[in-house]
Amino acid sequence: MLKMAFQVVELTLDADQKVIDRKVIPYPYPTRRDAVDAIESVVTSFPQSGYQSENGCWWALTRDGSRIRFVIEPV
């Protein structure tokens, strides 16, 4: 059986929701649930955050108003 790991990617968006920066959080998670737990822990540090079920990602707004999106990718 093929074992798959997951990574969390942090995307910084502009006002038009276009990606202007992409950072891979440098830690592979053994399960998707572990990656979800990591994101849910990180987004609590932002003033506003949530989950978008329509595209399966998390979002956050920084104190300076920057928009961040967190996605999970298989590696």
Quiz item: Which length gain, in nm to one decimal place, applies between Val71 and Asp37 when the Cα-Cα distance is subtracted from 0.36 nm times their residue separation?
Solution: 11.0 nm
Self-check item: Net lengthening on full extension, Cys57/Lys3 (0.36 nm per residue, minus Cα-Cα)
Solution: 17.2 nm
Quiz item: So what is the 222 nm mean residue ellipticity for the chain from helices alone, if each DSSP H run of at least 4 adds -39500 (n - 2.57) and you divide by all residues, rounding to the nearest 500 deg cm²/dmol?
Solution: -5000 deg cm²/dmol
Quiz item: Taking the Cβ-Cβ separation of Thr44 and Lys23 as r and a Förster radius of 22 Å, what is the calculated FRET efficiency to the nearest 0.05?
Solution: 0.70
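Only the coordinates and a few stated rules stand behind these numbers; no lab work does. Please read all numbers here as calculations on a predicted model, not as lab measurements. Please note: Cβ atoms are built from the backbone with ideal geometry, for glycine as well, and neighbour counts cover all protein chains shown.
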